[in-house]
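What follows is one structure encoded as C-alpha coordinates, with my remarks underneath.
The values are calculated or read from the model by the stated rules, or taken from the named source; none is laboratory data. No experiment lies behind these values; they were computed from the predicted model shown. Virtual Cβ from ideal backbone geometry, glycine too; neighbours counted across all protein chains shown.
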Ligand code: UD1
Ligand code: CA
(Lines give C-alpha, C1' and ligand atoms only; values in the text may rest on other atoms or scores of the structure.)
(Ligands and ions follow the chains in the order given, each with its own letter.)
Protein backbone atom coordinates (compact mmCIF):
# COMPACT_ATOMS: atom_id res chain seq x y z
CA UNK A 1 0.00 0.00 0.00
CA UNK A 2 1.28 3.42 -0.93
CA UNK A 3 0.24 6.14 1.50
CA UNK A 4 1.63 9.49 0.55
CA UNK A 5 2.70 11.35 3.68
CA UNK A 6 3.20 14.65 2.02
CA UNK A 7 4.37 17.70 3.89
CA UNK A 8 1.43 19.18 5.64
CA UNK A 9 2.59 22.73 5.25
CA UNK A 10 3.05 22.41 1.51
CA UNK A 11 -0.67 22.29 0.96
CA UNK A 12 -2.68 25.37 0.28
CA UNK A 13 -6.34 25.26 1.17
CA UNK A 14 -8.98 26.27 -1.33
CA UNK A 15 -12.48 27.35 -0.44
CA UNK A 16 -14.56 24.47 0.92
CA UNK A 17 -16.28 22.52 -1.83
CA UNK A 18 -19.47 21.97 0.01
CA UNK A 19 -22.08 24.12 -1.68
CA UNK A 20 -22.47 26.38 1.35
CA UNK A 21 -21.51 30.00 1.80
CA UNK A 22 -21.64 32.54 -0.99
CA UNK A 23 -22.31 29.93 -3.63
CA UNK A 24 -26.01 30.54 -3.47
CA UNK A 25 -27.88 29.29 -6.47
CA UNK A 26 -28.21 32.61 -8.25
CA UNK A 27 -24.62 33.69 -7.59
CA UNK A 28 -21.62 32.74 -9.65
CA UNK A 29 -19.44 30.44 -7.51
CA UNK A 30 -16.26 32.01 -8.88
CA UNK A 31 -16.84 35.77 -8.90
CA UNK A 32 -19.85 36.07 -6.59
CA UNK A 33 -21.81 38.08 -9.16
CA UNK A 34 -25.31 37.22 -10.23
CA UNK A 35 -25.25 34.26 -12.60
CA UNK A 36 -27.31 36.11 -15.19
CA UNK A 37 -24.67 38.86 -15.28
CA UNK A 38 -21.93 36.35 -16.03
CA UNK A 39 -21.58 35.03 -19.57
CA UNK A 40 -20.16 31.70 -18.38
CA UNK A 41 -23.07 30.93 -16.12
CA UNK A 42 -25.80 32.25 -18.38
CA UNK A 43 -26.15 28.82 -20.04
CA UNK A 44 -28.23 26.22 -18.25
CA UNK A 45 -26.01 23.75 -16.42
CA UNK A 46 -26.74 20.13 -15.54
CA UNK A 47 -24.28 18.02 -13.57
CA UNK A 48 -24.50 14.24 -13.92
CA UNK A 49 -22.79 12.14 -11.25
CA UNK A 50 -22.12 8.52 -12.11
CA UNK A 51 -22.57 6.40 -9.01
CA UNK A 52 -24.11 3.15 -10.20
CA UNK A 53 -21.00 0.98 -10.35
CA UNK A 54 -20.43 -1.81 -7.92
CA UNK A 55 -16.78 -1.07 -7.21
CA UNK A 56 -15.53 -4.65 -7.45
CA UNK A 57 -11.99 -3.61 -6.66
CA UNK A 58 -13.08 -2.41 -3.19
CA UNK A 59 -13.77 -6.07 -2.25
CA UNK A 60 -16.60 -4.87 -0.08
CA UNK A 61 -20.34 -5.58 -0.12
CA UNK A 62 -21.27 -1.91 0.27
CA UNK A 63 -21.69 0.27 -2.83
CA UNK A 64 -18.39 2.00 -3.51
CA UNK A 65 -19.77 5.53 -3.27
CA UNK A 66 -21.15 4.89 0.23
CA UNK A 67 -17.78 4.12 1.78
CA UNK A 68 -17.10 6.62 4.58
CA UNK A 69 -14.70 9.45 3.97
CA UNK A 70 -14.02 11.83 6.86
CA UNK A 71 -17.42 11.34 8.43
CA UNK A 72 -19.68 11.18 5.40
CA UNK A 73 -20.20 8.87 2.44
CA UNK A 74 -17.86 9.47 -0.50
CA UNK A 75 -20.77 10.50 -2.75
CA UNK A 76 -21.57 13.45 -0.46
CA UNK A 77 -18.22 15.04 -1.35
CA UNK A 78 -18.98 14.68 -5.04
CA UNK A 79 -22.48 16.14 -4.63
CA UNK A 80 -20.82 19.14 -2.96
CA UNK A 81 -18.53 19.57 -5.99
CA UNK A 82 -21.59 19.51 -8.24
CA UNK A 83 -23.62 21.97 -6.15
CA UNK A 84 -20.66 24.35 -5.88
CA UNK A 85 -21.02 24.94 -9.63
CA UNK A 86 -24.52 26.34 -9.09
CA UNK A 87 -26.28 23.99 -11.55
CA UNK A 88 -30.00 24.00 -12.32
CA UNK A 89 -30.01 20.34 -11.43
CA UNK A 90 -27.84 17.42 -10.45
CA UNK A 91 -28.67 13.98 -11.80
CA UNK A 92 -27.21 11.09 -9.81
CA UNK A 93 -27.08 7.79 -11.70
CA UNK A 94 -27.59 4.96 -9.23
CA UNK A 95 -27.68 1.20 -9.70
CA UNK A 96 -25.70 -1.00 -7.37
CA UNK A 97 -27.26 -0.41 -3.92
CA UNK A 98 -29.48 2.28 -5.49
CA UNK A 99 -31.93 2.56 -2.59
CA UNK A 100 -29.08 2.95 -0.09
CA UNK A 101 -27.38 5.63 -2.18
CA UNK A 102 -30.67 7.54 -2.53
CA UNK A 103 -31.22 7.26 1.22
CA UNK A 104 -27.72 8.55 1.95
CA UNK A 105 -28.53 11.69 -0.05
CA UNK A 106 -32.04 12.17 1.37
CA UNK A 107 -30.86 15.15 3.43
CA UNK A 108 -28.26 16.53 1.04
CA UNK A 109 -28.12 20.32 0.75
CA UNK A 110 -30.33 21.68 -2.04
CA UNK A 111 -32.03 18.29 -2.21
CA UNK A 112 -34.77 19.74 -4.44
CA UNK A 113 -32.20 20.16 -7.19
CA UNK A 114 -31.10 16.50 -7.10
CA UNK A 115 -32.81 13.78 -9.13
CA UNK A 116 -31.97 10.10 -9.39
CA UNK A 117 -31.81 7.97 -12.52
CA UNK A 118 -31.58 4.21 -12.18
CA UNK A 119 -29.13 2.26 -14.33
CA UNK A 120 -29.96 -1.44 -14.32
CA UNK A 121 -27.89 -3.42 -15.24
CA UNK A 122 -24.67 -1.39 -15.26
CA UNK A 123 -23.18 -1.58 -18.74
CA UNK A 124 -20.54 1.11 -18.53
CA UNK A 125 -20.15 4.85 -18.09
CA UNK A 126 -21.59 5.60 -21.55
CA UNK A 127 -24.60 3.43 -20.77
CA UNK A 128 -25.04 5.34 -17.49
CA UNK A 129 -25.36 8.56 -19.52
CA UNK A 130 -27.70 6.86 -22.01
CA UNK A 131 -30.03 6.14 -19.07
CA UNK A 132 -30.15 9.92 -18.48
CA UNK A 133 -31.33 10.75 -21.99
CA UNK A 134 -35.03 11.10 -21.08
CA UNK A 135 -34.10 13.37 -18.15
CA UNK A 136 -31.67 15.44 -20.22
CA UNK A 137 -34.06 16.16 -23.10
CA UNK A 138 -32.88 17.50 -26.47
CA UNK A 139 -31.10 20.64 -25.28
CA UNK A 140 -29.85 20.37 -21.72
CA UNK A 141 -27.42 23.31 -21.99
CA UNK A 142 -23.94 22.51 -20.67
CA UNK A 143 -23.59 19.04 -19.13
CA UNK A 144 -20.78 18.38 -16.66
CA UNK A 145 -20.12 14.72 -15.88
CA UNK A 146 -18.47 13.75 -12.61
CA UNK A 147 -17.62 10.24 -11.44
CA UNK A 148 -18.73 9.34 -7.94
CA UNK A 149 -15.30 8.01 -7.06
CA UNK A 150 -13.35 11.27 -7.52
CA UNK A 151 -13.99 13.02 -4.19
CA UNK A 152 -10.94 15.29 -4.10
CA UNK A 153 -11.52 17.61 -7.06
CA UNK A 154 -11.61 21.25 -6.08
CA UNK A 155 -14.27 23.58 -7.35
CA UNK A 156 -11.60 25.81 -8.94
CA UNK A 157 -10.54 22.93 -11.19
CA UNK A 158 -14.13 22.33 -12.25
CA UNK A 159 -14.48 26.07 -12.84
CA UNK A 160 -11.45 26.00 -15.16
CA UNK A 161 -13.06 23.11 -17.03
CA UNK A 162 -16.33 25.02 -17.45
CA UNK A 163 -14.53 28.13 -18.63
CA UNK A 164 -12.56 26.14 -21.19
CA UNK A 165 -15.75 24.57 -22.52
CA UNK A 166 -17.41 27.98 -22.71
CA UNK A 167 -14.42 29.37 -24.65
CA UNK A 168 -14.43 26.49 -27.16
CA UNK A 169 -16.18 26.90 -30.49
CA UNK A 170 -19.83 25.81 -30.66
CA UNK A 171 -20.41 22.18 -29.85
CA UNK A 172 -17.07 21.78 -28.10
CA UNK A 173 -16.17 19.80 -25.01
CA UNK A 174 -13.52 20.06 -22.32
CA UNK A 175 -11.97 17.22 -20.35
CA UNK A 176 -9.79 17.16 -17.24
CA UNK A 177 -6.48 15.35 -17.61
CA UNK A 178 -3.40 14.86 -15.46
CA UNK A 179 0.08 13.38 -15.47
CA UNK A 180 0.08 11.19 -12.34
CA UNK A 181 3.14 9.31 -11.11
CA UNK A 182 1.48 6.09 -12.11
CA UNK A 183 -1.00 6.05 -15.00
CA UNK A 184 -2.08 2.45 -14.42
CA UNK A 185 -5.83 1.88 -14.50
CA UNK A 186 -6.63 5.26 -16.07
CA UNK A 187 -7.77 5.86 -19.62
CA UNK A 188 -4.98 7.48 -21.67
CA UNK A 189 -5.31 10.62 -23.78
CA UNK A 190 -4.28 9.88 -27.36
CA UNK A 191 -3.32 13.04 -29.24
CA UNK A 192 -2.80 13.80 -32.93
CA UNK A 193 0.64 14.86 -34.13
CA UNK A 194 -0.42 18.51 -33.89
CA UNK A 195 -1.09 17.95 -30.19
CA UNK A 196 -4.88 18.09 -30.31
CA UNK A 197 -6.96 15.41 -28.58
CA UNK A 198 -7.88 12.45 -30.80
CA UNK A 199 -9.52 9.97 -28.41
CA UNK A 200 -9.31 8.26 -25.03
CA UNK A 201 -8.22 4.65 -24.81
CA UNK A 202 -9.02 2.59 -21.72
CA UNK A 203 -6.16 0.92 -19.87
CA UNK A 204 -7.57 -2.50 -20.65
CA UNK A 205 -7.89 -1.76 -24.37
CA UNK A 206 -4.56 0.07 -24.77
CA UNK A 207 -1.72 -1.28 -26.90
CA UNK A 208 1.69 -1.52 -25.19
CA UNK A 209 2.64 1.75 -26.92
CA UNK A 210 -0.56 3.49 -25.73
CA UNK A 211 0.06 2.28 -22.18
CA UNK A 212 3.24 4.39 -22.21
CA UNK A 213 1.19 7.59 -22.59
CA UNK A 214 1.54 9.57 -19.38
CA UNK A 215 -1.49 11.81 -19.77
CA UNK A 216 -4.66 10.29 -18.30
CA UNK A 217 -8.39 10.92 -18.36
CA UNK A 218 -9.80 11.90 -14.98
CA UNK A 219 -13.40 11.16 -15.92
CA UNK A 220 -14.54 14.77 -15.64
CA UNK A 221 -16.06 16.38 -18.71
CA UNK A 222 -17.99 19.48 -19.75
CA UNK A 223 -20.07 18.87 -22.85
CA UNK A 224 -22.30 20.90 -25.09
CA UNK A 225 -25.47 19.07 -24.09
CA UNK A 226 -26.94 18.89 -27.59
CA UNK A 227 -23.80 17.21 -28.97
CA UNK A 228 -23.71 14.80 -26.04
CA UNK A 229 -27.30 13.64 -26.38
CA UNK A 230 -26.83 13.24 -30.14
CA UNK A 231 -23.70 11.10 -29.69
CA UNK A 232 -24.83 8.83 -26.84
CA UNK A 233 -27.23 6.58 -28.83
CA UNK A 234 -24.43 5.84 -31.30
CA UNK A 235 -21.99 4.36 -28.74
CA UNK A 236 -20.83 0.78 -29.31
CA UNK A 237 -19.52 -1.79 -26.88
CA UNK A 238 -16.75 -3.38 -28.93
CA UNK A 239 -14.03 -3.32 -26.28
CA UNK A 240 -12.29 -5.47 -23.71
CA UNK A 241 -15.10 -5.06 -21.16
CA UNK A 242 -18.05 -5.23 -23.59
CA UNK A 243 -19.26 -1.95 -22.07
CA UNK A 244 -20.52 1.34 -23.48
CA UNK A 245 -17.73 3.81 -22.70
CA UNK A 246 -18.51 7.47 -22.21
CA UNK A 247 -14.92 8.11 -23.24
CA UNK A 248 -15.80 7.09 -26.82
CA UNK A 249 -18.00 10.21 -27.10
CA UNK A 250 -14.76 12.22 -27.24
CA UNK A 251 -13.56 10.44 -30.40
CA UNK A 252 -17.03 10.89 -31.91
CA UNK A 253 -16.91 14.65 -31.28
CA UNK A 254 -13.42 14.85 -32.76
CA UNK A 255 -14.53 12.96 -35.87
CA UNK A 256 -17.40 15.42 -36.22
CA UNK A 257 -14.80 18.24 -36.12
CA UNK A 258 -15.98 19.57 -32.77
CA UNK A 259 -13.22 21.06 -30.62
CA UNK A 260 -12.15 19.03 -27.57
CA UNK A 261 -9.88 20.86 -25.15
CA UNK A 262 -7.92 19.19 -22.36
CA UNK A 263 -7.42 21.02 -19.07
CA UNK A 264 -4.43 19.57 -17.26
CA UNK A 265 -4.68 19.38 -13.48
CA UNK A 266 -1.38 20.09 -11.79
CA UNK A 267 -2.29 19.09 -8.27
CA UNK A 268 -1.95 15.33 -8.46
CA UNK A 269 -3.65 15.06 -5.10
CA UNK A 270 -6.97 16.07 -6.64
CA UNK A 271 -6.73 13.29 -9.16
CA UNK A 272 -6.96 10.36 -6.76
CA UNK A 273 -9.75 8.10 -7.94
CA UNK A 274 -11.05 5.68 -5.33
CA UNK A 275 -11.05 2.17 -6.77
CA UNK A 276 -9.58 0.24 -3.82
CA UNK A 277 -9.54 0.52 -0.03
CA UNK A 278 -5.95 1.78 -0.28
CA UNK A 279 -7.16 4.62 -2.53
CA UNK A 280 -9.88 5.36 0.03
CA UNK A 281 -7.31 5.63 2.83
CA UNK A 282 -5.20 7.97 0.72
CA UNK A 283 -8.20 10.15 -0.16
CA UNK A 284 -9.13 10.34 3.52
CA UNK A 285 -5.67 11.59 4.35
CA UNK A 286 -5.93 14.40 1.78
CA UNK A 287 -9.38 15.46 2.98
CA UNK A 288 -8.18 15.30 6.60
CA UNK A 289 -5.40 17.76 5.87
CA UNK A 290 -7.86 20.12 4.16
CA UNK A 291 -10.23 19.99 7.15
CA UNK A 292 -7.43 20.59 9.67
CA UNK A 293 -6.07 23.53 7.67
CA UNK A 294 -9.48 25.16 7.74
CA UNK A 295 -9.64 24.85 11.55
CA UNK A 296 -6.09 26.15 11.91
CA UNK A 297 -6.99 29.16 9.80
CA UNK A 298 -10.01 29.76 12.05
CA UNK A 299 -7.78 29.97 15.13
CA UNK A 300 -8.03 26.43 16.45
CA UNK A 301 -4.74 25.23 17.92
CA UNK A 302 -3.94 21.73 16.64
CA UNK A 303 -0.69 20.59 18.13
CA UNK A 304 -0.11 17.59 15.90
CA UNK A 305 -2.07 17.39 12.62
CA UNK A 306 -0.56 14.00 11.86
CA UNK A 307 -2.38 12.34 14.77
CA UNK A 308 -5.57 14.41 14.82
CA UNK A 309 -8.72 13.11 13.14
CA UNK A 310 -11.54 15.58 12.64
CA UNK A 311 -14.47 14.66 10.44
CA UNK A 312 -16.34 16.89 8.02
CA UNK A 313 -18.78 19.42 9.46
CA UNK A 314 -17.41 19.72 13.02
CA UNK A 315 -17.53 23.29 14.33
CA UNK A 316 -14.78 24.37 16.71
CA UNK A 317 -14.59 27.76 18.39
CA UNK A 318 -11.58 30.05 18.29
CA UNK A 319 -8.90 29.49 20.91
CA UNK A 320 -9.73 25.83 21.43
CA UNK A 321 -6.77 23.48 21.80
CA UNK A 322 -6.83 20.05 20.20
CA UNK A 323 -4.04 17.90 21.64
CA UNK A 324 -2.46 14.87 19.92
CA UNK A 325 -4.08 11.50 19.22
CA UNK A 326 -7.62 12.86 19.26
CA UNK A 327 -10.57 11.70 17.19
CA UNK A 328 -13.52 14.05 16.67
CA UNK A 329 -16.34 12.47 14.71
CA UNK A 330 -19.00 14.09 12.57
CA UNK A 331 -21.84 15.64 14.54
CA UNK A 332 -19.76 17.28 17.29
CA UNK A 333 -19.84 20.96 18.23
CA UNK A 334 -17.02 22.46 20.24
CA UNK A 335 -17.11 25.94 21.72
CA UNK A 336 -14.44 28.56 22.26
CA UNK A 337 -11.45 28.12 24.56
CA UNK A 338 -11.99 24.39 25.09
CA UNK A 339 -9.30 21.76 25.44
CA UNK A 340 -9.67 18.31 23.91
CA UNK A 341 -7.15 15.49 24.26
CA UNK A 342 -4.63 14.08 24.26
CA UNK A 343 -6.04 10.61 23.47
CA UNK A 344 -9.70 11.60 23.44
CA UNK A 345 -12.59 10.48 21.30
CA UNK A 346 -15.62 12.70 20.77
CA UNK A 347 -18.45 10.87 19.01
CA UNK A 348 -21.65 12.08 17.37
CA UNK A 349 -23.83 14.35 19.47
CA UNK A 350 -21.04 15.68 21.66
CA UNK A 351 -21.35 19.37 22.49
CA UNK A 352 -18.65 21.13 24.48
CA UNK A 353 -19.73 24.53 25.78
CA UNK A 354 -17.12 27.31 25.95
CA UNK A 355 -14.14 26.52 28.14
CA UNK A 356 -15.01 22.84 28.67
CA UNK A 357 -12.06 20.45 28.95
CA UNK A 358 -12.09 16.76 28.05
CA UNK A 359 -8.80 14.96 28.25
CA UNK A 360 -6.71 11.83 28.48
CA UNK A 361 -8.53 8.64 27.48
CA UNK A 362 -12.01 10.09 27.78
CA UNK A 363 -14.80 9.19 25.37
CA UNK A 364 -17.93 11.30 24.92
CA UNK A 365 -21.03 10.32 22.99
CA UNK A 366 -24.28 12.24 22.67
CA UNK A 367 -23.25 14.32 25.65
CA UNK A 368 -23.31 18.01 26.44
CA UNK A 369 -20.47 19.21 28.63
CA UNK A 370 -21.29 22.58 30.23
CA UNK A 371 -19.15 25.69 30.19
CA UNK A 372 -15.84 25.24 32.05
CA UNK A 373 -16.78 21.73 33.12
CA UNK A 374 -13.90 19.26 33.16
CA UNK A 375 -13.47 15.55 32.53
CA UNK A 376 -9.75 15.19 32.25
CA UNK A 377 -8.98 11.50 32.72
CA UNK A 378 -10.16 8.01 31.76
CA UNK A 379 -13.94 8.51 31.58
CA UNK A 380 -16.88 7.34 29.52
CA UNK A 381 -19.56 10.03 29.22
CA UNK A 382 -22.47 8.72 27.15
CA UNK A 383 -26.00 10.14 26.73
CA UNK A 384 -25.47 12.83 29.34
CA UNK A 385 -25.90 16.47 30.20
CA UNK A 386 -23.26 17.96 32.43
CA UNK A 387 -23.73 21.41 33.97
CA UNK A 388 -21.36 24.35 34.22
CA UNK A 389 -18.12 24.15 36.21
CA UNK A 390 -18.78 20.56 37.17
CA UNK A 391 -15.75 18.35 37.69
CA UNK A 392 -15.89 14.75 36.55
CA UNK A 393 -13.17 12.83 38.43
CA UNK A 394 -10.75 10.39 36.86
CA UNK A 395 -12.27 7.06 35.89
CA UNK A 396 -15.92 8.13 36.00
CA UNK A 397 -18.30 5.96 34.00
CA UNK A 398 -21.85 6.77 33.01
CA UNK A 399 -23.36 3.29 32.62
CA UNK A 400 -25.91 4.27 29.99
CA UNK A 401 -26.79 0.83 28.60
CA UNK A 402 -28.79 -1.79 30.46
CA UNK A 403 -28.43 -4.42 27.76
CA UNK A 404 -31.64 -3.35 26.03
CA UNK A 405 -31.91 0.44 25.93
CA UNK A 406 -29.75 3.52 26.44
CA UNK A 407 -30.60 5.91 29.30
CA UNK A 408 -29.73 9.49 30.18
CA UNK A 409 -27.62 10.94 32.95
CA UNK A 410 -28.18 14.53 34.04
CA UNK A 411 -25.62 16.31 36.17
CA UNK A 412 -26.16 19.85 37.42
CA UNK A 413 -23.80 22.80 37.85
CA UNK A 414 -20.83 22.81 40.23
CA UNK A 415 -21.06 19.07 40.91
CA UNK A 416 -17.96 17.24 42.09
CA UNK A 417 -17.93 13.64 40.90
CA UNK A 418 -15.25 11.73 42.82
CA UNK A 419 -12.75 9.51 41.07
CA UNK A 420 -14.00 6.12 39.97
CA UNK A 421 -17.70 6.97 40.34
CA UNK A 422 -20.16 4.86 38.35
CA UNK A 423 -23.49 6.53 37.61
CA UNK A 424 -26.03 3.96 36.45
CA UNK A 425 -28.51 5.67 34.12
CA UNK A 426 -31.16 6.93 34.21
CA UNK A 427 -30.06 9.27 36.96
CA UNK A 428 -30.23 12.94 37.85
CA UNK A 429 -27.61 14.50 40.05
CA UNK A 430 -28.56 18.07 40.88
CA UNK A 431 -26.29 21.07 41.41
CA UNK A 432 -23.75 21.20 44.20
CA UNK A 433 -23.60 17.44 44.83
CA UNK A 434 -20.40 15.60 45.72
CA UNK A 435 -19.81 11.87 45.20
CA UNK A 436 -17.09 9.98 47.03
CA UNK A 437 -14.33 8.09 45.26
CA UNK A 438 -15.60 4.76 43.93
CA UNK A 439 -19.30 5.52 44.59
CA UNK A 440 -21.81 3.51 42.57
CA UNK A 441 -25.06 5.41 42.11
CA UNK A 442 -27.73 2.88 41.18
CA UNK A 443 -30.37 4.01 38.72
CA UNK A 444 -32.81 6.73 39.76
CA UNK A 445 -30.97 7.46 43.03
CA UNK A 446 -33.01 10.24 44.60
CA UNK A 447 -30.07 12.61 44.99
CA UNK A 448 -30.92 16.08 46.33
CA UNK A 449 -28.98 19.30 45.72
CA UNK A 450 -25.78 19.80 47.71
CA UNK A 451 -25.79 16.26 49.19
CA UNK A 452 -22.73 14.01 49.39
CA UNK A 453 -23.19 10.40 48.28
CA UNK A 454 -20.68 7.64 48.99
CA UNK A 455 -20.29 3.86 48.89
CA UNK A 456 -21.65 0.90 46.96
CA UNK A 457 -24.55 1.23 46.41
CA UNK A 458 -24.12 4.93 47.12
CA UNK A 459 -26.08 6.52 49.98
CA UNK A 460 -26.26 10.13 51.19
CA UNK A 461 -23.87 11.02 53.99
CA UNK A 462 -25.69 12.32 57.08
CA UNK A 463 -24.86 16.00 57.50
CA UNK A 464 -23.05 16.90 60.75
CA UNK A 465 -25.39 17.87 63.54
CA UNK A 466 -28.36 15.82 62.24
C1 LIG B 1 -13.08 5.58 -15.82
C2 LIG B 1 -12.82 6.05 -17.26
C3 LIG B 1 -11.30 6.20 -17.42
C4 LIG B 1 -10.78 7.19 -16.41
C5 LIG B 1 -11.19 6.81 -14.99
C6 LIG B 1 -10.91 7.97 -14.07
C7 LIG B 1 -14.56 5.17 -18.73
C8 LIG B 1 -14.91 4.12 -19.73
N9 LIG B 1 -13.32 5.09 -18.21
O10 LIG B 1 -12.49 4.30 -15.66
O11 LIG B 1 -11.00 6.65 -18.75
O12 LIG B 1 -9.36 7.25 -16.51
O13 LIG B 1 -12.60 6.53 -14.90
O14 LIG B 1 -11.19 7.66 -12.73
O15 LIG B 1 -15.39 6.02 -18.45
N16 LIG B 1 -20.34 3.82 -13.28
C17 LIG B 1 -21.70 3.81 -13.46
N18 LIG B 1 -22.25 2.88 -14.27
C19 LIG B 1 -21.50 1.95 -14.92
C20 LIG B 1 -20.11 1.97 -14.74
C21 LIG B 1 -19.54 2.91 -13.91
O22 LIG B 1 -22.42 4.64 -12.89
O23 LIG B 1 -22.10 1.13 -15.63
C24 LIG B 1 -19.74 4.82 -12.37
C25 LIG B 1 -19.03 4.21 -11.20
O26 LIG B 1 -19.91 4.10 -10.09
C27 LIG B 1 -17.90 5.20 -10.92
C28 LIG B 1 -17.64 5.84 -12.27
O29 LIG B 1 -18.78 5.55 -13.08
O30 LIG B 1 -18.31 6.21 -10.02
C31 LIG B 1 -16.39 5.33 -12.93
O32 LIG B 1 -16.47 3.92 -13.08
P33 LIG B 1 -15.20 2.98 -12.92
O34 LIG B 1 -15.62 1.59 -13.18
O35 LIG B 1 -14.50 3.27 -11.65
O36 LIG B 1 -14.32 3.49 -14.15
P37 LIG B 1 -12.76 3.36 -14.34
O38 LIG B 1 -12.41 1.97 -14.76
O39 LIG B 1 -12.06 3.93 -13.16
CA1 CA C 1 -12.72 4.74 -11.13
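Taking the criterion of being touching a helix residue (DSSP H, G or I) at 6+ places or on another chain (Cβ under 9 Å), closer than 15 Å to residue 246 by Cβ and in a helix (DSSP H, G or I), the only residue of the range 93-126 that qualifies is 126. Sub-9 Å Cβ pairs linking a first residue in the range 244-255 that is farther than 19 Å from residue 170 by Cβ to a second residue that is assigned to a loop (DSSP other than H, G, I, E, B) and near ligand 1 (Cβ under 8 Å from one of its atoms), at least 6 apart or interchain, are 244/123; 244/124; 245/124; 245/202; 246/124; 247/202, ordered by first then second residue.
Listed here are the residues, each with its yes/no results for (1) within 14 Å of ligand 1 (Cβ to nearest atom); (2) modelled with pLDDT of 95 or more; (3) not assigned by TED's automatic domain parsing to the domain that holds residue 223.
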| site | (1), (2), (3) |
| --- | --- |
| 93 | yes, yes, no |
| 99 | no, yes, no |
| 103 | no, yes, no |
| 117 | yes, yes, no |
| 129 | yes, yes, no |
| 137 | no, yes, no |
| 148 | yes, yes, no |
| 163 | no, no, no |
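Here is a yes/no grid of residues against (1) surrounded by fewer than 23 Cβ atoms within 10 Å (Cβ to Cβ); (2) out of contact with any strand residue (DSSP E or B) (no Cβ under 7 Å at 6 or more places or on another chain):
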residue	(1), (2)
168	yes, no
171	yes, no
194	yes, yes
199	yes, no
205	yes, yes
210	yes, no
216	no, no
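Give me a count of the residues in the range 199-223 that are more than 9 Å from ligand 1 (Cβ to nearest atom) and touching a helix residue (DSSP H, G or I) at 6+ places or on another chain (Cβ under 6 Å). Summing the residues that are more than 9 Å from ligand 1 (Cβ to nearest atom) and touching a helix residue (DSSP H, G or I) at 6+ places or on another chain (Cβ under 6 Å) in the range 199-223 gives 2.
Confirm whether residue 153 is within 16 Å of ligand 2 (Cβ to nearest atom), buried (at least 22 other Cβ atoms within 10 Å of the Cβ) and assigned to a loop (DSSP other than H, G, I, E, B). Against the criterion (within 16 Å of ligand 2 (Cβ to nearest atom), buried (at least 22 other Cβ atoms within 10 Å of the Cβ) and assigned to a loop (DSSP other than H, G, I, E, B)), residue 153 qualifies.
Looking only at the range 218-233, count every residue that is away from ligand 2 (no atom under 16 Å from the Cβ) and crowded, with 19+ Cβ neighbours inside 10 Å and tell me the total. Result for the range 218-233: 9. Among the criteria (1) part of a loop (DSSP other than H, G, I, E, B); (2) modelled with pLDDT of 95 or more, the one residue 23 does not fulfil is (2). Across the range 179-237, the number of residues qualifying as in a strand (DSSP E or B) and either under 26 Å from residue 274 (Cβ atoms) or modelled with pLDDT under 95 (or both) comes to 16. Scanning the range 59-70 for residues that are within 17 Å of residue 100 (Cα to Cα) and not in a strand (DSSP E or B) turns up 60, 61, 62, 63, 64, 65, 66, 67. In the condition set (1) in a strand (DSSP E or B); (2) more than 16 Å from ligand 2 (Cβ to nearest atom); (3) within 25 Å of residue 279 (Cβ to Cβ), residue 143 is compliant with all but (3). Right, residue 359: more than 21 Å from the chain's Cα centre (by Cα), surrounded by fewer than 17 Cβ atoms within 10 Å (Cβ to Cβ) and within 20 Å of residue 389 (Cβ to Cβ) or not? Judged against the criteria, residue 359 is not a match. Pull up the range 71-92, narrow it to residues that are assigned to a strand (DSSP E or B) and in contact with a strand residue (DSSP E or B) (Cβ under 7 Å, 6 or more places away or on another chain), then point me to the one that is farthest from residue 103 (Cα to Cα). Residue satisfying both the conditions and the ranking: 89.
The strands (runs of 3 or more DSSP E) falling completely within the range 249-345 that include 1 or more residues that are within 16 Å of ligand 1 (Cβ to nearest atom) and closer than 27 Å to residue 57 by Cα map to 260-265. Just so you know, in the range 42-69 the residues that are more than 14 Å from ligand 1 (Cβ to nearest atom), modelled with pLDDT of 95 or more and in contact with a strand residue (DSSP E or B) (Cβ under 8 Å, 6 or more places away or on another chain) include one that is nearest to residue 113 (Cα to Cα), and it is 46. Return the pair list, or none, for Cβ contacts closer than 8 Å from residues in the range 162-187 that are on the phi > 0 side of the Ramachandran plot to residues that are within 16 Å of ligand 2 (Cβ to nearest atom), at least 6 apart or on different chains. Matching pairs, first to second residue: 185/203; 185/273; 185/275. Is it the case that residue 435 is crowded, with 21+ Cβ neighbours inside 10 Å, closer than 20 Å to residue 344 by Cβ and free of Cβ contacts under 8 Å to residues at least 60 places away in the same chain? Answer is no for this residue.
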